[in-house]
Amino acid sequence: MVTTFFGSGMSPKAPGTMGSLAAAIVAYPMAFFAIKFDSIFYGLNPLFLVAAIIVFFAAIPFVNKAMKDTGTEDPGWIVIDEVCGIFMTFALVNPYVIVDNPILLLVGFGLFRFFDILKPLGIHRFEKFPGAWGVMADDLLGGIYAGILMIPISIAIDCVEMF
């Protein structure tokens with residue numbers, strides 16, 4: 001349940017995309033939750049940052065066990081790393097903007113998948129970390145890159161909405 005993110009990684013086609021999509025869907029109610037508890041710091045969202053960090057470290061033993069039990073390295077059905085990356089992507093976006101413009105979930109999803117699939121800007125080097133650390137770290141970095149791009153995009157969308 002953990003490594004497949006409640007089974008989303010068991011999709012016969014594009015399990016990483018399905019895991020990322022499931023995480024993006026979960027991100028929408030998380031944004032409401034962040035607003036309700038006013039967990040916003042200068043327009044950023046510590047709830048998503050904390051969620052990404054917790055998922056990152058909590059997943060390590062599960063991913064290591066799954067890889068050991070199956071004798072595989074980073075099988076496609078392990079998608080908890082995508083969940084970590086999606087949460088990191090939205091950690092840099094004001095949750096009010098996400099709630100008001102759910103299209104940002106699709107934009108963030110697309111940006112994260114770009115970085116996750118192509119692994120530019122040194123992301124591929126993080127895959128070489130041992131065991132689960134490599135599985136998780138490259139997606140966390142992909143989420144950071146996607147999140148950095150989300151900052152001006154979310155600001156632009158928020159400004160356009162004001163007019």
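Kirkwood hydrodynamic radius of the chain, from the reciprocal of the average inverse Cα-Cα distance over all distinct pairs: 15.6 Å. Entry comment: accessible area of the range 23-112 is 47 Å² per residue, from protein heavy atoms only and a probe of 1.4 Å. To put it simply, the accessible area of the chain at a 1.4 Å probe is 75 percent carbon and sulfur. Accessible-area rank, largest first, for M136, M67: M67, M136, with all protein chains present and a 1.4 angstrom probe. Stretching I53 away from K36 to a fully extended chain increases their span by 4.0 nm, per 0.36 nm per residue minus the current alpha-carbon distance. Comparing A146, S8, V26 along the charge dipole axis of the chain, the residue lying farthest to the positive side is S8, per the Cβ-charge model. Counting only other residues whose beta carbon sits under 14 Å from that of G16, what net charge do I get with K and R as +1, D and E as -1? So the surrounding residues net to -4. Taking the C-alpha atoms only, the angle from helix 15-36 to the longest principal axis of the chain is near 40 degrees. Of the cross-linked pairs K13/K36; K68/K119; K13/K128, those separated by over 28 Å at the C-alpha level are K13/K36. Only Lys, Arg, Asp and Glu carry charge here, each on its Cβ (+1 for the first two, -1 for the last two); on that basis the chain has a dipole of about 240 debye about its Cα centre. Relative to the dominant Cα principal axis of the chain, helix 131-162 is inclined by about 20°.
The values are calculated or read from the model by the stated rules, or taken from the named source; none is laboratory data. Worth saying up front: this structure is predicted, and the values here are computed from it rather than measured. All Cβ positions, glycine included, derive from the backbone under ideal geometry; neighbour counts span all protein chains shown. SASA here: full protein model, heavy atoms, side chains in, ligands and nucleic acids out. Shrake-Rupley method; radii C 1.70, N 1.55, O 1.52, S 1.80 Å.
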